[in-house]
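The next block holds one structure in the form of structure tokens; read it before the comments.
The values are calculated or read from the model by the stated rules, or taken from the named source; none is laboratory data. The model shown is predicted, which means the values in this text are computed figures rather than measured ones. Note that we place each Cβ from the backbone using ideal geometry, even for glycine, and neighbour counts take in every protein chain shown. Just the protein is used for accessible areas: all its heavy atoms, side chains included, with ligands, DNA and RNA removed. Shrake-Rupley method; radii C 1.70, N 1.55, O 1.52, S 1.80 Å.
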Number of protein chains: 2
Amino acid sequence: MTTTDVRADLYPSRVADRPTITERLDPVVHGDSSGPLDPEVLAGYEDDGFVVLPGFLGGERLAALNDEVDRLAADEALAEKPQAIVEPDSRALRSIFEVHRLEGVFRDLVHDPYLVGVARQLLGSDVYVHQSRVNLKPGFRGREFYWHSDFETWHTEDGMPRMRAVSCSVTLTDNHPWNGPLLLVAGSHGWYVTCVGATPDRNFEQSLRRQEIGVPDDESLSELVRRGSIRHAVGPAGTVVFFECNAMHGSNGNITPQPRRNVFFVYNSVENALEAPFAAPGPRPEYIASRDFTPVPV
Amino acid sequence: MTTTDVRADLYPSRVADRPTITERLDPVVHGDSSGPLDPEVLAGYEDDGFVVLPGFLGGERLAALNDEVDRLAADEALAEKPQAIVEPDSRALRSIFEVHRLEGVFRDLVHDPYLVGVARQLLGSDVYVHQSRVNLKPGFRGREFYWHSDFETWHTEDGMPRMRAVSCSVTLTDNHPWNGPLLLVAGSHGWYVTCVGATPDRNFEQSLRRQEIGVPDDESLSELVRRGSIRHAVGPAGTVVFFECNAMHGSNGNITPQPRRNVFFVYNSVENALEAPFAAPGPRPEYIASRDFTPVPV
């Protein structure tokens, strides 16, 4: 093989006309046993691709986070910014991006020593924040989030080279089985499902409201469920869920009067910093995929 | 008060411009303790408005019912009949009505001595079949059924005078928490939520695909949930659920590859036979609301 300017792409997707399921090429746990998670929990994460830890926060800290979400949701100036994503069928707020750059409770949460410690343990290096957002799933008419691997999008659209990132979701309301909790396919992080269809220009303007490119085909999803199993992440407000960047996940809609809120952020290894997108016309904006690779201080 | 030809309407709905929540005026259990349900189960039904009984059927009988659904779903002539209801956004089959009039496994099921025995115990009289259908909630893109009290519709649109009917749902696939199982508000059967908005002509053509008239307003639904609690009816294929005609129920969508199917039928007391609709331009068709009040044989 001669030297060319074509990069090696370990995880090609959105380039072929048929989907494939291939084996993951990266470790799941990049660090060693030193860190907040004990070996049993770490082994569970390695097998399932996620771990649910109830009781991470409560009381005044939980109340302060919910107050801040209320304040942001009522902020009419914010609603006009690109960081605010509204539901496809209405003007209801669905997500607010880049909350870790706001001074105050969200920034403090993303810098929380326990959460950063877990991320460092899982990723085996210093970490930085790739993305952060608040998700609001309203009651009565909350919409589903269809199945996807975050890594598939981050690789193709953001240029994340390897599977060495972890998502962290802190629930701000109780997650019941019936109000649209996070669903995961346990074991799916071990398989890479390539998607069909080239990424349209500025795809993110559509995909953050309703994802159509970068979702698995029915047969591949069925196969992942046969190889693994569907689980739901339920628990009281203040539960934290860590899930591997390639874990297949989604959530059903919510007809109950019980809304669902969480703060979601992604730690990526500083050794896995973004490059040019692998399969998209151009990179996504900074508020969706940060290119500030400054490590979170420890 | 002088004698007029205006009937007494104990449960007016779709007539006022504001919703109300009023107390139920009928017993929940109309019979006595004689019947298949023991006193403890009967007390649970009286309190919650429903009872979930796993293990009702399995083996060859379950397989035969699923085979029959497959056969009906593939029947192109049936798909053109009004009895076949398709999803609002696609041509996918959502329900098939009037299956108890088909010779064979469905008719046998509706005449099952245990099921009829339970219905007679709950309703305290001979019973007839008010409605029957197969519901298919496909995987991947199964749509929600929004909250509703069946009785509110049966009263206003079908002329069912009193709360003396019971719905029976036999699951033909496993019902997990995540594939859109039946949700119920325990205790809601004790309250009558009136709905706003007059019934349009031939409303059923719309409402069976996506119900918009005859659904509770957000505040009334929230109040029912505060007074009671949300529960889900999960269990393996072959579970039977009895729920009271006024129990508030619905189901979320289903993004999983695991479809959900059930056979649903309604036993009504022969002493509660349909009259003219209480709040609709005309009665619904026979295949939705039977006016053949012949008792199911015992």
Just the number, please: buried accessible area between A and B, total of both chains, 1.4 angstrom probe, nearest 100 square angstrom.
2100 Å²
Using θ = phi - 60° and the Karplus relation 6.51 cos²θ - 1.76 cosθ + 1.60, list the HN-Hα couplings for the range B:96-109 in order, rounded to whole Hz, with x at every Gly or Pro.
10, 8, 6, 6, 6, 8, 7, 4, x, 5, 6, 4, 4, 5
Compute the Cα gyration tensor for the range A:21-272, then decide on rounded, prolate or oblate, letting a ≥ b ≥ c be the square roots of its eigenvalues: rounded whenever a/c is under 1.5, prolate when a/b is larger than b/c in the other cases, and oblate in all that remain.
rounded
Answer rounded, prolate or oblate for the range A:252-298, using the Cα gyration tensor with square roots of eigenvalues a ≥ b ≥ c: rounded when a/c is under 1.5, else prolate when a/b is larger than b/c, else oblate.
oblate
Relative counts (whole %) of C-alpha pair distances in the protein assembly as shown, using bins that are 20 Å wide
19, 47, 28, 6, 0, 0
So which residues of the range A:136-155 lose at least 20 Å² of accessible area, probe 1.4 Å, when you go from the chain by itself to every protein chain present?
A:Phe140, A:Arg141, A:Tyr146, A:Trp147
Within the accessible area of the range A:21-272 (1.4 Å probe), percent carbon and sulfur
50 percent
Computed log₁₀ I(q)/I(0) - Debye formula, equal Cα scatterers, no solvent, the range A:40-111, q 0.13, 0.15, 0.17 Å⁻¹:
-0.56, -0.70, -0.82
Smallest Cβ-to-axis distance in chain B, for the rotation taking B to A: which residue, how many Å?
B:Pro177, 2
Using 1/(1 + (r/R0)^6) with R0 = 60 angstrom and r between the beta carbons of B:Arg291 and A:Arg202, what's the FRET efficiency to the nearest 0.05?
0.55
Just to be sure I understand the interface: list residues from the range B:182-230 that lose 50 Å² or more of accessible area between the chain on its own and the complete protein assembly, 1.4 Å probe.
B:Asp218, B:Ile230
Under 23 Å between alpha carbons, and skipping anything fewer than 8 positions from A:Lys81 in its own chain: which lysines qualify?
A:Lys137
Using only the Cα atoms of the range A:173-241, build the gyration tensor, take square roots of its eigenvalues as a ≥ b ≥ c, and label the shape rounded, prolate or oblate: rounded if a/c is under 1.5, else prolate if a/b is larger than b/c, else oblate.
oblate
Taking Cα pairs closer than 8 Å and at least 6 residues apart, the relative contact order of the range A:21-272 in percent is 35 percent
In Å, what is the Rg of the alpha-carbon atoms in the range A:82-123, and how long is Dmax?
14.3, 41
Stokes-Einstein at 4 °C, 1.567 mPa s, Kirkwood radius from Cα pairs: D for the range B:190-281 in µm² s⁻¹?
79 µm²/s
What is the gain in length, in nm to one decimal, between B:Glu275 and B:Asp75 on full extension, counting 0.36 nm per residue of separation less the C-alpha to C-alpha distance?
68.6 nm
CD proxy, 222 nm, chain A: helix-only mean residue ellipticity via -39,500 (n - 2.57) per DSSP H run with n ≥ 4, per residue, nearest 500, stands at -6500 deg cm²/dmol
Write out the trypsin sites (Lys or Arg not before Pro) in the range A:1-105 meeting two conditions: DSSP loop, and at most 12 other Cβ atoms within 10 Å of their Cβ.
A:Arg7, A:Arg91
Measuring from centroid to centroid over Cα atoms, what is the spacing of the range B:261-298 and the range A:43-72 in Å?
49 Å
I want to verify the translational diffusion coefficient of the range A:1-94 in µm²/s; compute it with Stokes-Einstein, Rh as the Kirkwood radius over Cα pairs, at 25 °C and 0.890 mPa s.
127 µm²/s
Just give the residues from the range B:255-279 buried by at least 30 square angstrom of accessible area in the all-chains context relative to the isolated chain, probe 1.4 Å, and say none if nothing qualifies.
B:Ile255, B:Pro257
Spatial separation of Cα centroids for the range A:88-164 and the range A:169-229, in angstrom
14 Å
On average, how much accessible surface per residue is there in the range B:21-272, in Å², for a 1.4 Å probe, leaving out ligands, DNA and RNA?
36 Å²
Sparse-neighbourhood loop hits (GluC sites (Glu not before Pro), the range A:59-98; DSSP loop; Cβ within 10 Å at most 13 others) -> A:Glu80
Ignoring ligands and nucleic acids, B:Glu244 exposes an accessible area, probe 1.4 Å, in Å² to the nearest 10, of 0 Å²
